[in-house]
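To start, the structure under review is shown below, and the notes come after it.
The values are calculated or read from the model by the stated rules, or taken from the named source; none is laboratory data. Fair warning: this is a prediction, and the values are worked out from it, not measured in the lab. All Cβ positions, glycine included, derive from the backbone under ideal geometry; neighbour counts span all protein chains shown.
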Amino acid sequence: MQTTEPPADDAPRRHASRFDWWGEAKGMFWLIIAVLGFHSLLAKPFYIPSESMLPGLEVGDRLVVSKYAYGWSFVSPTIPNPAAIVENVVLRRPVESWSVQLPAWRGRVWGKMPERGDVVIVTPPGQTSDYIKRVIGLPGDTLEVRAGTVILNGKPVERGPIHYRDMPVDKNATCDPWQYPGARITRPDGKIVCRLPIVTETLPNGRRFDTVELGASPGDYYGPIKIPADHVFLMGDNRDRSADSRFALGGSEKGLGGPVPWENIGGRAEFITFSVDGSATINPLTWFGSLRSGRAGTSLRPEGE
């Protein structure tokens, strides 16, 4: 059967085949906004760069940090700094942070004070880099460190007997003999480990966690001080290798300069997502082999809750 209907115009088909750059750009923009909003308000990833929280946290651990646990403050938003990213990624120069920080203000929105024993992310006053430490002292507490023992409101924190834990030795955890003299050993099974002396502490609220006890160090004596309102006193679990509230802000000590305003707390560490030993290269075949076993899903909430 014949028809006189003219052939369809193929112009719309040719138009539809063009790539919609503007639409893609808008989609990418809103995706970035959604990701930054999630990072700023709900949760963000965090990488452990140092050994200050051994034995619980190792260099190479990746964590989830909840942003809403204590409300929000000027350190909560994640605002990328393109200049810092280019300088670090392209020019391979060290930078303090990839983010731009908002001007400081006092207090928090829907704020809640951290609990004693929480592991938190903190931005030292006047800086943009993040530290990870444990909350030891709360507002109104009288705190002292005497011969390595924390004394809260006149009572020493309960400390268990010294025992030993074998930590892995790899590219991220080298067991530096200067930092840990005599700790690097070879076990009868041939495995090289870092055998660290551990002391379990129990805070007044019943929360327990392990600390590394290496002997005499500059942080073994501090205070006594009374912690001001809306401040917290933070310490690393690796007590003799941690720059925390016991040490001066910045300078050679790179500490937190005493009790930290609660608005400088960026969030609470929740759990480990995965951990890497530092052996991975650009070859994707090495990525899975660099994963440490048994770390994924480890909760960072103290025992005894």
- Taking Gly215 and the conditions (1) within 19 Å of the chain's Cα centre (by Cα); (2) part of a loop (DSSP other than H, G, I, E, B); (3) farther than 23 Å from Ser299 by Cβ, which numbered condition does it fall short on, given that it satisfies the others? (1)
- Message: Residues to consider are Ile79, Ile48; find the one that is modelled with pLDDT of 90 or more and touching a strand residue (DSSP E or B) at 6+ places or on another chain (Cβ under 9 Å).
- Response: Ile48
- Going through the stretch 177-213 in order, the residues found to be in contact with a strand residue (DSSP E or B) (Cβ under 7 Å, 6 or more places away or on another chain), without any contact (Cβ under 8 Å) to a residue 60 or more places away in the chain, of a type outside the set (Val, Ile, Thr) and surrounded by fewer than 18 Cβ atoms within 10 Å (Cβ to Cβ) are Pro177, Arg184, Arg187, Arg195, Pro197
- Message: Tell me whether the stretch 96-109 contains one or more residues that are at pLDDT 95 or above and assigned to a loop (DSSP other than H, G, I, E, B).
- Response: no
- Run Lys226 past the list (1) more than 17 Å from the chain's Cα centre (by Cα); (2) over 29 Å from Ile162 (Cβ atoms); (3) at pLDDT below 95 and report the number of the one that doesn't hold. (3)
- Item | Matching residues, the stretch 130-152, being assigned to a loop (DSSP other than H, G, I, E, B) and loosely packed, with under 14 Cβ neighbours inside 10 Å | Gly140, Ala147
- Message: When the residues of the stretch 96-141 are narrowed to those that are touching an Asp or Glu at 6+ places or on another chain (Cβ under 6 Å) and among the hydroxyl-bearing types (Ser, Thr, Tyr), which ends up nearest to Asn205 (Cα to Cα)?
- Response: Thr123
- Item | Pair list, Cβ < 8 Å and 6+ apart or interchain, from the stretch 246-262 residues that are free of Cβ contacts under 8 Å to residues at least 12 places away in the same chain to residues that are part of a strand (DSSP E or B) and among the small types (Gly, Ala, Ser) | Ala248/Gly255
- Only one residue in Phe19, Phe38 is modelled with pLDDT under 85, among the hydrophobic types (A, V, I, L, M, F, W, C) and part of a loop (DSSP other than H, G, I, E, B). Which one? Phe19
- Item | Filter pass, Val232 being in contact (Cβ under 8 Å) with a residue 24 or more places away in the chain, under 30 Å from Pro77 (Cβ atoms), out of contact with any Ser or Thr (no Cβ under 6 Å at 6 or more places or on another chain) and not in a loop (DSSP other than H, G, I, E, B) | yes
- Task: Please work out which residue is surrounded by the most Cβ atoms within 10 Å (Cβ to Cβ), limiting yourself to the stretch 255-305 and to residues that are of a type in the set (Lys, Arg) and at pLDDT 90 or above.
- Result: Arg268
